[in-house]
């Protein structure tokens, strides 16, 4: 068994995936690790290019999927084969900084009640990726977020932007771009989610089992968000609102009346159609 299994799902992203892997390999680490690259049935020959580029790296292993069943399904293939005491779910469109993995590993070793850990995630322009520290979505904080109503109350603040980006906090939810998970706390991602929502759902289930989820703002990565799916805008919009519906139905609907649920589902549909139409007109 190794200390850390790093899982990266590749889908037509040779350059991005190569850069993500190189950002790991270029530094010395205080732990043993393996890198599992899952190819979600790419059509651009990226997996052969990756195999050839990293042919001398014995710590890298490749897993091929015969069809693209989504981000959750791709990660699950690697989780089944992983050998690490910890598992890192890492997006292909990320770059890891020098001390990030060492600090995260040490924090997990020193805090046995932590099930999952995330770090500060910066976008390409240097701004914080707000998804890296969140509350679980509910009707109240979703309403505040949708109408851009500022609040300092954590229960009403989905993105927790009232918390110091450089701090260390127990939070509800991390981003799937970087999730450092203890083996005992890991669960398979729900494959009903294709490419959004699986990270929120996984965090929800980890916390339900009594584990803490920590935001560690001392270290960071860069997330070139959306770079791996720029050509699939309509698909992204569909999956985003589909994930919203699935998560609400799975974790929230039982807390509300049928009338409230109906209103929520109609609201999600309206938001989806509005975003889709906006995208169509923007293209034209």
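The values are calculated or read from the model by the stated rules, or taken from the named source; none is laboratory data. All figures in this text were calculated on a predicted structure; none of them were measured in a lab. Ideal geometry is used to build each Cβ from the backbone, glycine not excepted, and the neighbour counts take in all protein chains shown.
Test of understanding: among 77, 50, which residue is out of contact with any helix residue (DSSP H, G or I) (no Cβ under 9 Å at 6 or more places or on another chain), without any contact (Cβ under 8 Å) to a residue 60 or more places away in the chain and surrounded by 15 or more Cβ atoms within 10 Å (Cβ to Cβ)?
Exactly one residue qualifies, and that residue is 77.
Okay, residues lined up against (1) more than 21 Å from the chain's Cα centre (by Cα); (2) over 28 Å from residue 184 (Cβ atoms):
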residue: 17; (1), (2): no, yes
residue: 24; (1), (2): no, no
residue: 45; (1), (2): yes, yes
residue: 52; (1), (2): yes, yes
residue: 55; (1), (2): yes, yes
residue: 75; (1), (2): no, no
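Looking at (1) more than 22 Å from residue 7 (Cβ to Cβ); (2) out of contact with any strand residue (DSSP E or B) (no Cβ under 6 Å at 6 or more places or on another chain), which is the only condition residue 198 fails?
Residue 198 satisfies every listed condition except (1).
Looking at 131, 59, can you tell me which residue is surrounded by fewer than 22 Cβ atoms within 10 Å (Cβ to Cβ) and either touching a strand residue (DSSP E or B) at 6+ places or on another chain (Cβ under 6 Å) or not assigned by TED's automatic domain parsing to the domain that holds residue 160 (or both)?
59
Take residue 140 and tell me if it is closer than 28 Å to residue 248 by Cβ, surrounded by fewer than 16 Cβ atoms within 10 Å (Cβ to Cβ) and either touching a residue at least 12 places away in the same chain (Cβ under 8 Å) or in contact with a strand residue (DSSP E or B) (Cβ under 6 Å, 6 or more places away or on another chain) (or both).
Considered against the rule, which asks whether it is closer than 28 Å to residue 248 by Cβ, surrounded by fewer than 16 Cβ atoms within 10 Å (Cβ to Cβ) and either touching a residue at least 12 places away in the same chain (Cβ under 8 Å) or in contact with a strand residue (DSSP E or B) (Cβ under 6 Å, 6 or more places away or on another chain) (or both), residue 140 comes out as yes.
One line per residue, one yes/no per condition, for (1) out of contact with any helix residue (DSSP H, G or I) (no Cβ under 9 Å at 6 or more places or on another chain); (2) assigned by TED's automatic domain parsing to the domain that holds residue 133:
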{"position": "177", "(1), (2)": "no, yes"}
{"position": "183", "(1), (2)": "yes, yes"}
{"position": "190", "(1), (2)": "no, yes"}
{"position": "200", "(1), (2)": "no, yes"}
{"position": "252", "(1), (2)": "no, no"}
{"position": "269", "(1), (2)": "no, no"}
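Keeping to segment 251-268, report how many residues are under 24 Å from the mean Cα position of the chain (by Cα) and free of Cβ contacts under 8 Å to residues at least 40 places away in the same chain.
Residues that pass the stated criteria total 2.
For segment 183-284, give me every one of the helices (runs of 4 or more DSSP H) that falls completely inside it and has 3 or more residues that are closer than 23 Å to residue 171 by Cα and at pLDDT 95 or above.
Fully inside segment 183-284 and qualifying: 198-208, 233-251.
Residues 119, 41: which one is at pLDDT below 95 and either surrounded by fewer than 19 Cβ atoms within 10 Å (Cβ to Cβ) or closer than 29 Å to residue 208 by Cα (or both)?
After applying the criteria, what remains is 41.
Across segment 241-250, what is the number of residues that are touching a residue at least 24 places away in the same chain (Cβ under 8 Å) and either surrounded by fewer than 17 Cβ atoms within 10 Å (Cβ to Cβ) or closer than 18 Å to residue 10 by Cβ (or both)?
The qualifying residues number 1.
Does any residue of segment 12-23 turn out to be touching a residue at least 60 places away in the same chain (Cβ under 8 Å) and surrounded by fewer than 20 Cβ atoms within 10 Å (Cβ to Cβ)?
Yes, there is a match, as at least one residue in segment 12-23 is touching a residue at least 60 places away in the same chain (Cβ under 8 Å) and surrounded by fewer than 20 Cβ atoms within 10 Å (Cβ to Cβ).
Cβ-Cβ distance below 9 Å, separation of 6 or more or different chains: which pairs start in segment 156-174 with a residue that is part of a loop (DSSP other than H, G, I, E, B) and end on one that is loosely packed, with under 14 Cβ neighbours inside 10 Å?
Here the result reads 157/150; 161/150; 162/150; 162/152; 162/153, each pair linking segment 156-174 to a residue that is loosely packed, with under 14 Cβ neighbours inside 10 Å.
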